[in-house]
Amino acid sequence: LCSKSKKSIMLAITTERRLLQGAVAIACIIPLSAGLLGMVSGANFLGGGSADMDSHMRYLSGLLCAIGIGFTSTIARIEAHTSRFRLLTGLVITGGIARLVGVFITGMPSPVMVCAIGMELVITPLLCVWQHHVARNIAK
């Protein structure tokens, strides 16, 4: 009975870990694709702009892609990368806060950008909490 109970607990932990890995993999599609697209398209990604705006857009897109790569690097052993996951989450939240400040200063952005704010201030922090939960359960 005890052995059966331990097996069922381990199965639940393994299943939760795999679900988290899948969720993070799916979430990584956004910064990887948007980052790459912005790196290639520059300011044209958002309708054009000056050479300075184009340069800044490409730089920020490179950072976005790098954040996506960073999160992707946690997937295989997601329970072992809590510090990296938290650092990346902090970067994403900081960007989300900057976007939110922009809403109050310049007004509501397009629906795509509103979704980005939701991803940055809701989804990513929830994934971070989930990652911590999985890491803690596996460590027990």
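The values are calculated or read from the model by the stated rules, or taken from the named source; none is laboratory data. Here the structure is a predicted model, which means the values were calculated and not measured. With ideal geometry, Cβ positions are generated from the backbone for all residues, glycine too; neighbour counts draw on all protein chains shown. The protein model used for the area step is the full one, side chains on, heavy atoms only, and it has no ligands, DNA or RNA in it. Shrake-Rupley method; radii C 1.70, N 1.55, O 1.52, S 1.80 Å.
Quick notes on this one:
- With a Förster radius of 41 Å applied to the beta-carbon distance between residue 55 and residue 14, the computed FRET efficiency rounds to 0.35.
- Taking other residues whose beta carbon is less than 13 angstrom from the beta carbon of residue 21, and scoring Lys, Arg as +1 and Asp, Glu as -1, yields +1.
- Heavy-atom surface of segment 1-109, accessible at 1.4 Å and reported per residue (Å²): 64
- With contacts taken as Cα pairs under 8 Å at a separation of at least 6 residues, the chain carries a relative contact order of 26 percent.
- Length gained when the stretch residue 80-residue 105 is fully extended (0.36 nm per residue, less Cα-Cα span): 5.0 nm
- The sum of -39500 (n - 2.57) across all DSSP H runs of n ≥ 4, divided by the residue count of the chain, sets its helix-only mean residue ellipticity at 222 nm to -27500 deg cm²/dmol.
- Burial order of peptide ranges 95-104, 63-72 (average beta-carbon count within 10 Å, highest first): 63-72, 95-104
- Of the accessible area of the chain, computed with a 1.4 Å probe over protein heavy atoms only, carbon and sulfur atoms account for 72 percent.
- With the charge dipole of segment 63-140 set up from +1 on Lys and Arg Cβ and -1 on Asp and Glu Cβ about the Cα centre, the Cα lying farthest toward the positive end among the listed residues 101, 75, 91 is that of 75.
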